[in-house]
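Asks: One structure, as structure tokens, below. Some questions next.
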Amino acid sequence: MAQERPEGRLEVQVVAGRNIPRRSRFGRGDSLVALTLGTSTKQTQVDKKGGSAPRWNDRLSFLVSGLGKTQLHITAVEIEGSVNQKKIGSCVVDLTKVFVEEEVDGTVSSRRRFTCMCGQLKRQARFC
């Protein structure tokens, strides 16, 4: 049985974060979220002074075609100054449910290293 290849556009709306820890002692807690699907990476705008509860409300789109694009990698990053970025945490979301149901929303937990919880990200995903 051949595996079905999803083709279409994946839209992900990164809504907000909750309980996001600060990675640096100084600074305002400016942060963004980077999404990676296959070899394509897109990121939200920086929420300046968002602190532990940033709000992005950014919609990012990816073209999906072929096998191998079933996982969305989500990384939260703190911006310090104009060039320094520190990873806050990350997670991987299985897109199989999005491909079947065409629209999914909810909250995912990000982790630093393998076990340390470091906040939650609210997102909505739509496949069309």
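The values are calculated or read from the model by the stated rules, or taken from the named source; none is laboratory data. Predicted model, so just to flag it, every value in this text is computed and none were measured. Here the Cβ is made from the backbone with ideal geometry for all residues, glycine too, and neighbour counts use every protein chain on show. Note: areas computed on protein heavy atoms with side chains; ligands, DNA, RNA excluded. Shrake-Rupley method; radii C 1.70, N 1.55, O 1.52, S 1.80 Å.
Asks: For residue 100, all conditions in the list (1) assigned to a strand (DSSP E or B); (2) at pLDDT 75 or above; (3) open to solvent by 20 Å² or more (accessible area, probe 1.4 Å) hold save one; what is the number of the exception?
Replies: (1)
Asks: Against the definition (surrounded by fewer than 18 Cβ atoms within 10 Å (Cβ to Cβ) and of a type outside the set (Asp, Glu)), how does residue 29 come out, yes or no?
Replies: Against the criterion (surrounded by fewer than 18 Cβ atoms within 10 Å (Cβ to Cβ) and of a type outside the set (Asp, Glu)), residue 29 does not qualify.
Asks: I'd like the full set of residues that are free of Cβ contacts under 8 Å to residues at least 60 places away in the same chain and part of a loop (DSSP other than H, G, I, E, B), limited to the stretch 34-61.
Replies: So the first thing to find is which residues in the stretch 34-61 are free of Cβ contacts under 8 Å to residues at least 60 places away in the same chain, and the list is 34-51, 53-61.
Once the filter is applied, which keeps residues that are free of Cβ contacts under 8 Å to residues at least 60 places away in the same chain and part of a loop (DSSP other than H, G, I, E, B), the stretch 34-61 yields 38, 39, 44, 45, 46, 48, 49, 50, 51, 53, 54.
Asks: If residue 64 satisfies every condition in (1) in contact (Cβ under 8 Å) with a residue 60 or more places away in the chain; (2) open to solvent by 40 Å² or more (accessible area, probe 1.4 Å); (3) within 18 Å of residue 126 (Cα to Cα) but one, which is the exception?
Replies: All conditions are met except number (2).
Asks: Which one of these is open to solvent by less than 30 Å² (accessible area, probe 1.4 Å), at pLDDT 90 or above, within 21 Å of residue 98 (Cβ to Cβ) and polar (S, T, N, Q): 36, 44, 75?
Replies: Being open to solvent by less than 30 Å² (accessible area, probe 1.4 Å), at pLDDT 90 or above, within 21 Å of residue 98 (Cβ to Cβ) and polar (S, T, N, Q) holds for just one of 36, 44, 75, which is 44.
Asks: Specify the residue that is most open to solvent (accessible area, probe 1.4 Å); the eligible residues are those in the stretch 1-26 that are at pLDDT below 90 and in contact with an Asp or Glu (Cβ under 6 Å, 6 or more places away or on another chain).
Replies: 23
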